[in-house]
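Accompanying notes for the structure given below.
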Amino acid sequence: MAYVERIEPDQEEWKQWIGIHLHRYRFASQFVAGKRVLDAGCGVGYGTRVLIEAGASEIVAADVSEAALMSAERLFSHPRVRFVRDNCETLQAVSGPFDAIVALESLEHFQDVPAFLKQVRRLLARNGVFICSTPNGLATLPNGTKRPLNPFHVREYSPKEFYELLNRHFENIAVTGQHETSAYVLATRISMNPLIRLGWLAQRLHGGRIPWRVPHLSATEGDYVMSEANLEKAGVLLAVCREPKLITCQRGPAANQVEQAADLPGTSVSHV
């Protein structure tokens, strides 16, 4: 299996993967109507377009890749969207507060996920919502290893690890899983049936004179469902996080001093 760092419309992988990606953004879009949104790790901007069409009042879409942002401006620009080049692990080029922060297809690429989550808390409004995703390590990682097969991924999490990671930063977390529909699973199995694939061999033996093509399934958004059941079998995990935890800090001999509200946008005490 070949891996790419991100999908773009001119790639062959676009047809194969765009359905599952759009389905995740469609899930996140239910939380953005009328809100100021940060799309962290926006890539070429196809998901940003889903969010703005769902009624977001404004979107700041950030990505570290200049090439990706150029494609985003060309393909998915919108009057209420501003594309910004920024390292999403530090997020120094954007200013909060944001009512919603979305980070899909992103956490698995970061070297320092806790650093990113601290920035999310700094930028998120007091009553804001954070939506993120990660491949389910139980489904994607080879047995006995923590190293992802995808060379562009630093780490992939099991449902338990994903929840525990987020629970260090948020009080209210709802984890759901993205699953293939039963109909799509059945269709995939049929397309892989050896008897069907014999047609390809017959075509080759007859110099292409037999009109036969091996079925290739490109999944659409409708081929996936979200469910909190059977998380261990989900291909991708998503979380909706609310109520950022307060972090206390130490300054000299005094412990557990809470940072002042002036240091944070949109909050009464520090989230960082």
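Quick note: the coordinates plus some simple rules give every number you see, no bench work behind them. Worth saying up front: this structure is predicted, and the values here are computed from it rather than measured. For neighbour counting, all protein chains shown are included, and Cβ atoms are generated from backbone atoms with ideal geometry for every residue, glycine included.
Structure notes:
- Here residue 227 and residue 168 are evaluated by their C-beta separation; at R0 = 41 Å the FRET efficiency comes out at 0.95.
- Loop-located chymotrypsin sites (Phe, Trp or Tyr not before Pro) across segment 80-178 with a Cβ neighbour count of 13 or fewer within 10 Å are 152, with loop assigned by DSSP.
- Using θ = phi - 60° in the Karplus curve 6.51 cos²θ - 1.76 cosθ + 1.60, the 3J(HN,Hα) couplings for segment 47-53 round to x, 4, 5, 4, 5, 6, 6 Hz; x is entered for Gly and Pro.
- In percent, rounded to a whole number, the relative contact order of segment 25-108 is 36, using alpha-carbon pairs under 8 Å and six or more apart.
- A convex hull fitted to the Cα coordinates of segment 26-119 yields 86 cubic angstrom per residue.
- The loop-placed trypsin sites (Lys or Arg not before Pro) in segment 48-137, going by DSSP, that have at most 15 neighbouring Cβ atoms within 10 Å of their Cβ come out as 80.
- Relative to one another, the C-alpha centroids of segment 64-135 and segment 23-61 are positioned 10 Å apart.
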